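Notes follow the structure.
The values are calculated or read from the model by the stated rules, or taken from the named source; none is laboratory data. The structure presented is a predicted model; accordingly, all values stated were derived computationally and were not measured. Positions of Cβ are generated from backbone atoms using ideal geometry, with glycine treated the same way; all protein chains shown enter the neighbour counts.
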Amino acid sequence: MNWRSERIWIELITGSRKLSNFCWAFILLLGSIGFVLVGISSYLGKNLISLFPPQQIVFFPQGLVMSFYGIAGLFISSYLWCTISWNVGSGYDRFDTKEGIVYIFRWGFPGKNRRIFFRYLIKDIQSIRIELKEGIYTRRVLYLDIRGQGAIPLTRTDENLTPREIEQKAAELAYFLRVPIEGF
């Protein structure tokens, strides 16, 4: 959801709470639980999962490796679930022409620097920059080029905007901020 008026433009940024992250975390959790159960059943010699009789999988080396992969998968899955629950990467971009300030806010990982907050003067913005790279790894990113600070990305690299959409977004933002557009 975005909100826009004559003087203020607020753009909400989706963080790690995306459907694809939920799917991958769930699939990884189920798969790693399955691997751990197969490893445990081969160690105990009891049938905890009905797909494989425990005599088919010997604990050393197959059951041990399955247990290792299951435990590693549980760690990766717990990492994904934590980033989803903390909503890492979410936030907002606020462009305020009345005050002449741009606010960029994102949530990070818990700790001392969980809140990532930047403030820039609109008069320090040199341009809106578009990066379009086509090929195997397509990259379409919109940057805010700030004098003395470098380029600040405004869109995520995995947002999958079409070239037309990103150009339109850049044109609207450049017109709103009264700055030029650069492309590379």
message: Only one of 74, 80 is touching a Phe, Trp or Tyr at 6+ places or on another chain (Cβ under 8 Å) and part of a helix (DSSP H, G or I). Can you tell me which?
response: 80
statement: Picked from region 87-116 (must be in contact with a Phe, Trp or Tyr (Cβ under 8 Å, 6 or more places away or on another chain) and on the phi > 0 side of the Ramachandran plot), the residue surrounded by the fewest Cβ atoms within 10 Å (Cβ to Cβ) is 87
- request: Considering only residues that are β-branched (Val, Ile, Thr) and surrounded by 13 or more Cβ atoms within 10 Å (Cβ to Cβ), look in region 117-137 and name the one that is modelled with the lowest pLDDT.
  value: 130
- request: Select from region 139-184 the residues that are of a type in the set (Val, Ile, Thr) and surrounded by fewer than 12 Cβ atoms within 10 Å (Cβ to Cβ) and list them in ascending order.
  value: 162
- request: Go through (1) touching a residue at least 24 places away in the same chain (Cβ under 8 Å); (2) part of a loop (DSSP other than H, G, I, E, B); (3) not hydroxyl-bearing (Ser, Thr, Tyr) one by one and return the number of the condition residue 161 breaks.
  value: (1)
message: I'd like to check something: does region 16-33 contain any residue that is hydrophobic (A, V, I, L, M, F, W, C) and modelled with pLDDT under 90?
response: no
message: Looking at region 80-114 only, could you name the residues that are farther than 16 Å from residue 173 by Cβ, over 16 Å from the mean Cα position of the chain (by Cα) and of a type in the set (Lys, Arg)?
response: 98, 112
- request: Please go through region 1-20 and pick out each residue that is in contact with a strand residue (DSSP E or B) (Cβ under 7 Å, 6 or more places away or on another chain) and in a strand (DSSP E or B).
  value: 2, 3, 8, 9, 10, 11, 12, 13
